[in-house]
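Just so you know, all these numbers are worked out from the coordinates, no wet-lab data involved. Quick caveat, the model's predicted, so the values are computed rather than measured. So basically every Cβ, Gly included, is an ideal-geometry build from the backbone, and we count neighbours across all protein chains shown.
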Ligand code: PLP
């Protein structure tokens, strides 16, 4: 029994959630004193770790000054938060619509694209996640969409690059990128370019496996959009604010979208918030036309105060460059070494502090250790791996046949090394079962 709380993505009588007593930095613990290294930063959102003093202080201070105010008023803290985001955003993404999370950000970005272009369709990738509201879930390309796909009007899916499991019979990453792009180009032709409002991409695919596209792919998608007056929407909810070692994952290839969605790392999730960044041209469209949408809590002062504080810490502590260096110098080499010693590891991949360890039954055939499935519905093999990790004091995410490592950007090199050693011991433990 779980009590009066209804838990998301769960069969209520079949779960036994850990009762968390607290957290600090990269660690959290239960009431029995068990401690875990938070290798997935909760939902990949806790960039500054648990109970960061600068964020706690900013929230306290803002609560004393102004807890809430309707979105139609101008307030300093809201301006400041938007300015801080625009400052790190690429290109001419210069205006922000605030939402209360990632899915709503996707809903609004898609609505803007449809209103601006006057076209109905949006293309999105299989193996993607865009949120659990009706429109965002219809665009999602993973099994979370299956049971509730009642609103797929206008959503068309394509296959993005995935060199380890190529759908395009590619023999290397460059070929995979080219062929995935050609597939997308053909799909645009089949669907009718003039009917497509937007192509929605996760520049680095997050919860569907940390799929880093080959160089040139994202720029190719940008070109394809430009050829046909299609807007490019980058969903940076999971990858934004330093996760991939740049402020935004699209910055890895200098690709600037027309609309960008964000949430999670913008304030480390201390208060629910998300938003959409609009290019100058998209914003100009609404200069004298009313935008048809809004939210009671758009630009909530507590959320905005936490954004200002979080971005200041990210900047002052140089956490974005640090994420790149930790990925390159610590996580990458440690996971490569782990892969050498455990035949169950088929592939390790990632960038910055976003990594996946893909587990297989057989390295030669690449047969996955667990079937393609919705997060939360863990196959027994993966449940055993995750349980072993938890016994070793580390808490990664298990999804499908993968372990995901999205630690706080404040994590130390020593903690990362110890965390990967914990996963190492867990894999050994499970191989001996
Ligand atoms: N987009 C991406 C890429 C995500 O990873 C997520 C959540 O994980 C969302 C959108 C949805 O965000 P939220 O859960 O805040 O609605």
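When the Kirkwood radius is taken over all Cα pairs of the chain, what Stokes-Einstein diffusion coefficient follows at 25 °C and 0.890 mPa s, in µm²/s?
In µm²/s, the coefficient is 111.
Which order do the peptides 3-13, 187-197 come out in when sorted by mean C-beta neighbours inside 10 angstrom, highest first?
By packing density, highest mean first, the sequence is 187-197, 3-13.
In nm, what is the difference between 0.36 nm times the number of residues separating residue 80 and residue 290 and their Cα-Cα distance?
So the chain would gain 73.2 nm between residue 80 and residue 290.
Hey, what did the range 1-75 get for relative contact order, percent, Cα under 8 Å, at least 6 apart?
19 percent
State the extension gain, in nm to one decimal, for the chain segment bounded by residue 111 and residue 92, taking 0.36 nm per residue of separation less the distance between their alpha-carbons.
4.9 nm
Determine Rg/Rh for the range 263-390; Rg is computed over alpha-carbon atoms and Rh is the Kirkwood hydrodynamic estimate from the same atoms.
1.12
Show me 161-168, 412-419, 39-46 ranked by packing, highest mean number of other Cβ atoms within 10 Å first.
Per-residue Cβ counts within 10 Å, averaged per peptide and sorted highest first, yield 39-46, 161-168, 412-419.
Each label point is 7 Å from the Cα along the Cα-to-Cβ direction; what then is the distance between the points at residue 361 and residue 169, in nm?
2.5 nm
Using a Förster radius of 41 Å, what is the FRET efficiency between residue 254 and residue 6 based on their Cβ-Cβ separation? Nearest 0.05, please.
Working from the Cβ atoms, E equals 0.40.
Could I have the simple spin-label model distance between residue 132 and residue 195, label points 7 Å from Cα toward Cβ, reported in nm to one decimal?
Simple spin-label model gives 3.2 nm for this pair.
Ignoring everything except DSSP H segments at least 4 long, calculate the 222 nm mean residue ellipticity for the chain; use -39,500 (n - 2.57) per segment, divide by total residues, nearest 500.
It comes out at -11000 deg cm²/dmol, rounded to the nearest 500.
What translational D, rounded to a whole number of µm²/s, comes out for the range 38-80 from Stokes-Einstein when the hydrodynamic radius is the Kirkwood one over Cα pairs, at 25 °C and 0.890 mPa s?
Estimated diffusion coefficient is 196 µm²/s.
Please identify which residues in the range 375-402 have an amide N closer than 15 Å to a label point set 7 Å out from the Cα of residue 30, following the Cα→Cβ vector.
386-396
Taking the Cα of residue 69, stepping 7 Å toward and past its beta carbon, and measuring to each backbone N in the range 287-310: which are under 15 Å?
297-306
Taking the Cα atoms of the range 122-219, report the difference between the largest and smallest coordinate on each principal axis, in whole Å and largest first.
The Cα atoms of the range 122-219 stretch 37, 31, 20 Å along the principal axes, largest first.
Would you compute, for the Cα atoms of the range 158-290, the largest minus smallest coordinate along each principal axis and list the three values in descending order, in whole Å?
Its Cα atoms span 45, 36, 21 Å along the three principal axes.
Compute the length gained on full extension between residue 51 and residue 20: take 0.36 nm times their separation in residues and subtract their Cα-Cα distance, giving the result in nm to one decimal.
My answer for the length gained is 9.8 nm.
From the gyration tensor of the Cα coordinates in the range 292-344, what semi-axes in whole Å does the equivalent ellipsoid have, largest first, with each one equal to sqrt(5λ)?
39, 18, 8
Normalised by the number of residues in the range 77-214, what is the relative contact order in percent for Cα pairs under 8 Å and 6+ residues apart?
24 percent
Once the Cβ-Cβ distance between residue 60 and residue 148 is put in as r, and R0 is 30 Å, what FRET efficiency do you end up with, to the nearest 0.05?
Once rounded, the FRET efficiency stands at 0.15.
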